[in-house]
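These notes concern the structure reproduced below.
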Amino acid sequence: MKYGLIGASGRMGGEIQKAFASHELCFAMDINGETATGVPEVLVDFSSPGALGATLAAVRRFSCALVLGTTALSPDQLGDVKALGGSVPVVQSFNFAAGVTLLKMILREFGPLFPDWDVEIAEIHHNKKKDAPSGTAILLRDALGRNCPTHSFRMGGIPGDHSVIFANEGEVLTLTHRALSRNVFALGALRAAEFARTAGPGFYTFEEVLSCGRKKS
Ligand code: NAD
């Protein structure tokens, strides 16, 4: 697979290049500019919301698929990304770990069974992370369908911990996902890129990638 990478010099950019080692990186962009040696079949973007305009322009220029992992996108930016799915395959997720997708599905299914319990979300990330709350915390809150309090901690080198804590007068139920390294997100992005390379135009979630493109009912 020929792929392009936006955010190539970043922490995730490095992990993506390791996970995609058997594929050909033929287009790279970061804050310092771009280099191109070919036409990518898929563009992978783990960068910054400020790069999105250039990313969408590159997707149109190459007429290629897009895998988008960048967080803190505005509602307007997400609207532009969804619209792009009308012409090319787009996979967008604030978290490319399979376990977070499973947690999202559990919350969507079982969250409504706890209407009278308190629920709050806690997320812990490395101290270089720019956005808060994390995109994953927002994704989990959306799955829960409740606008619950969210707490963000920025400490050390933690790749990403998320806990959803339910409590009533007598019980506490905590659901926690912990990414042990950034590699897990890069492997998820690889799976999404392999999916997107052969998919038809559309806007896909990572949940749909893991269930082979089936839209959730
Ligand atoms: P980082 O700061 O280490 O790297 C950011 C990269 O983006 C750098 O290469 C930088 O040069 C580039 N960049 C910044 N602004 C740019 C611009 N205007 N134009 C072009 N390039 C630009 O950050 P990181 O830790 O690698 O994270 C990158 C993004 O990925 C963040 O939004 C983060 O939240 C997100 N992320 C998503 C997932 C997921 O699974 N979806 C997992 C981890 C991180």
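Here are the numbers:
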item: Sulfur and carbon atoms: percent of accessible area, region 28-72 [1.4 Å]; result: 56
item: In Å², nearest 10: area of MET105 left accessible to a 1.4 Å probe; result: 80
item: Heavy-atom surface of the chain, accessible at 1.4 Å and reported per residue (Å²); result: 49
item: Kyte-Doolittle mean at least 0.0, axial Cα span of 20 Å or more - DSSP H helices of the chain; result: 183-198
item: Proximal aspartates and glutamates relative to LYS128, as straight alpha-carbon distance under 19 Å, when same-chain residues fewer than 8 apart are discounted; result: GLU15, ASP30, ASP45, ASP161
item: Whether region 1-103 is rounded, prolate or oblate, judged on the alpha carbon gyration tensor where a/c under 1.5 counts as rounded; result: rounded
item: Residue-averaged 222 nm ellipticity for the chain, from DSSP H runs of 4+ at -39500 (n - 2.57), nearest 500; result: -10000 deg cm²/dmol
item: Pair GLU24, ILE106: separation of 7 Å Cα→Cβ label points (nm); result: 4.3
item: Amide proton proximity set for VAL91, modelled H, under 5 Å, gap of 5+; result: LEU66, VAL67, LEU68, TYR204
item: In nm, spacing of pseudo-spin labels at LEU113 and SER87 (7 Å Cα→C-beta vector); result: 4.6
item: Amide H contacts of GLY10 (H built 1.01 Å from N, under 5 Å, at least 5 apart or other chain); result: none
item: Charge dipole (debye, nearest 20) of the chain; +1 at Cβ of Lys and Arg, -1 at Cβ of Asp and Glu; result: 520
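The values are calculated or read from the model by the stated rules, or taken from the named source; none is laboratory data. Since the model is a prediction, treat every value here as computed from it, not as a measurement. We place every Cβ from the backbone using ideal geometry, glycine too, and count neighbours over all the protein chains shown. Accessible surface is based on the protein model in full, side chains and every heavy atom, while ligands, DNA and RNA are left aside. Shrake-Rupley method; radii C 1.70, N 1.55, O 1.52, S 1.80 Å.
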